[in-house]
């Protein structure tokens, strides 16, 4: 795989099963997808997991998987920026659960990508006018920030612009949260498309041989 360029792919075998390996992934950094027949899924998965143990492979779980949509720039239609949320306003939402009276709408999970519908919040300018919306809220442990995907009117689409996000449903106690327009993708180091894939360490099982078939190059759009 060390000669696979970004978006290139080739046929190979894992656990004796035919698979297609593609240099792409949801993590934003160097990653690969393995495609094959569903009946071979367990054998292929277990073989990859076993081979990855000496290299420190870990299971991160579903929450981390969905976090990639927001933090790492997994392709999203119509999104070109992120919002970063004011930490004191976020803490105030949690604090309200331990105070008398109505609390703010709960932030129950690390991100809002679960369930049958996506969560959207309106975003206002300093005049109280709706100028955008927020979705895909995620609590990024890596960056220690609450971030969300952003759609916004063009005149406010400048990194660092300060706006107000309204958290909570109509008819409930709502919280005005200070947000700033930020870069997208937010994870901007070691991007997959910029990594020299020949540099990571190579690991070959004693009985395995490197695949000599040439990679299939992604053709540029016409």
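No lab work stands behind these numbers, since they all come straight from the coordinates. Note that the coordinates shown come from a computational prediction; the quantities given were computed from them, not determined experimentally. Note that we place each Cβ from the backbone using ideal geometry, even for glycine, and neighbour counts take in every protein chain shown.
Quick one: compute the contact order of region 1-51, relative version, from alpha carbon pairs under 8 angstrom and 6+ residues apart, as a percent.
Working: 62 pairs, mean separation 14.3, N = 51.
Answer for region 1-51 is 28 percent.
Once the Cβ-Cβ distance between residue 38 and residue 59 is put in as r, and R0 is 30 Å, what FRET efficiency do you end up with, to the nearest 0.05?
0.90
What length, rounded to one decimal in nm, is gained on full extension from residue 159 through to residue 180, with 0.36 nm per residue of separation minus their alpha-carbon distance?
Working: separation 21, 0.36 × 21 = 7.56 nm, distance 0.74 nm.
Once the chain is fully extended between residue 159 and residue 180, it gains 6.8 nm.
Give me the percent of Cα-Cα pairs in region 73-182 that sit more than 21 Å apart, rounded to a whole number. Present the calculation step by step, with values, prior to reporting the outcome.
Working: 1979 of 5995 pairs.
Of all Cα-Cα distances in region 73-182, 33 percent exceed 21 Å.
Can you list the equivalent-ellipsoid semi-axes of region 29-98, largest first and in whole Å, using the square root of 5 times each Cα gyration tensor eigenvalue?
35, 18, 12
Order 81-89, 31-39 from most to least packed using the mean count of other Cβ atoms within 10 Å.
Numbers: 81-89: 19.3, 31-39: 12.6.
Ranking, from highest mean packing down: 81-89, 31-39.
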